[in-house]
Amino acid sequence: MRKSVSGTTRSAGRNMSGFGSEDPREMPAHLFDRSLRVNYETAVPADTGKQNCSICPRYWYVDAIFRCVRCDAAFSFSVTEQRAWYEDYGFWIDSLPRHCPACRRDLRDLKAVRQEYDDNVANALRDGDLESKKQLARVIDRLYELGGELPPRINRNRRRLALQIARAEGGAA
Ligand SMILES: [Zn+2]
């Protein structure tokens, strides 16, 4: 995936300034697409050799403010995070965060809890003991708390569990 950028920058000359290689303010706008603000005075040079890009690397990391698409909060995508994203994690150079840190945490939780649901739903409903039914009910409640879009059958299964738990605790099971 990695490509050399020499050649693309050398011949560009002054009028193109090679994707902002000399001046962070001349970096292509799409590298900060949908940002509310880019604080150019925070710019630090990047190690472009560690980046995954096709033609246009990020020569600089620059603190930038974005708006979260989930909760609408403004959040900072910092120089430090950018270096981690593009040099350590190997994220594609055009990728940008769409969510604030709190929403990213929620979405990660949501994914993990959803996995726990998927792993346990069949057994807990069919022949799980009372504790495993209660645990699955808690998992579903957590899913609703995290506010993901959930298929209707999860809601139906939550009602089935409530019924099963009530019966078991009433001694009828
Ligand atoms: Zn958010």
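Remark: the range 103-172 carries a charge dipole of roughly 220 debye about the Cα centre, counting +1 on each Lys and Arg Cβ and -1 on each Asp and Glu Cβ.
Just checking the listed ones, Asp72, Asp106, Asp63: in the Gaussian network model of the chain with Cα springs under 10 Å, the one fluctuating most is Asp72. For the chain, the longest principal axis of the Cα atoms and the long axis of helix 152-169 meet at an angle of about 40 degrees.
Please calculate how many Å² of accessible area the chain carries per residue, with a 1.4 Å probe and no DNA, RNA or ligand atoms counted.
Values: 10460 Å² over 173 residues.
Result: 60 Å² per residue.
Above 30 angstrom, tally the Cα pairs of the chain and express them as a % of all pairs, no decimals. Working shown, then result.
Values: 6473 of 14878 pairs.
For the chain, the share of Cα pairs beyond 30 Å comes to 44 percent.
When the square roots of the Cα gyration tensor eigenvalues are ordered a ≥ b ≥ c, the ratio a/c for the range 9-99 is 1.5 or more and a/b exceeds b/c, which makes its shape prolate. Taking Cα atoms only, the orientation of helix 130-146 departs from the longest principal axis of the chain by about 40 degrees. Relative contact order for the range 103-172: 37 percent, from Cα pairs under 8 Å spaced at least 6 residues apart, divided by residue count. Sites listed here are trypsin sites (Lys or Arg not before Pro) in the range 72-165 whose DSSP assignment is loop and whose Cβ has at most 16 other Cβ atoms within 10 Å: Arg98. The antiparallel fraction among DSSP beta bridges confined to the chain stands at about 90%. What angle do you read, to the nearest 10 degrees and between 0 and 90, between the alpha-carbon axis of helix 101-126 and the longest principal axis of the chain? On a 0 to 90 degree scale, this one is about 30. When the range 103-172 is described by a simple charge dipole with +1 on each Lys and Arg Cβ and -1 on each Asp and Glu Cβ, the residue from Asn155, Leu136, Ala124 located farthest towards its positive end is Asn155.
Which value, in debye to the nearest 20, describes the size of the charge dipole of the range 9-99 about its Cα centre when Lys and Arg Cβ atoms bear +1, Asp and Glu Cβ atoms bear -1, and nothing else is charged? Please report the intermediate quantities before stating the final value.
Details: 11 positive and 12 negative charges, 42 e Å.
With Lys and Arg at +1 and Asp and Glu at -1, about 200 debye.
Rounded to the nearest 20 debye, the dipole magnitude of the chain is 560 debye, with +1 charges on Lys and Arg beta carbons, -1 on Asp and Glu beta carbons, and the Cα centre as origin. Once Rg and the Kirkwood radius are both taken over the C-alpha atoms of the range 103-172, their ratio Rg/Rh works out to 1.01.
If I take every Cα pair under 8 Å that is 6 or more residues apart in the chain, average their sequence separation and divide by the length, what percent do I get for the relative contact order? Don't skip to the end; give the middle numbers.
Numbers: 210 pairs, mean separation 26.6, N = 173.
Once normalised by length, the contact order is 15 percent.
First measure r as the distance between the Cβ atoms of Ala102 and Lys50, then evaluate 1/(1 + (r/R0)^6) with R0 = 25 Å and state the FRET efficiency to the nearest 0.05. Efficiency for this residue pair is about 0.30.
The values are calculated or read from the model by the stated rules, or taken from the named source; none is laboratory data. Here the structure is a predicted model, which is why all the values come from computation and not from measurement. No Cβ is skipped: glycine too gets one built from the backbone with ideal geometry, and neighbour counts run over all protein chains shown. Please note that ligands, DNA and RNA were not included when accessible areas were found on the heavy atoms of the full protein model with its side chains. Shrake-Rupley method; radii C 1.70, N 1.55, O 1.52, S 1.80 Å.
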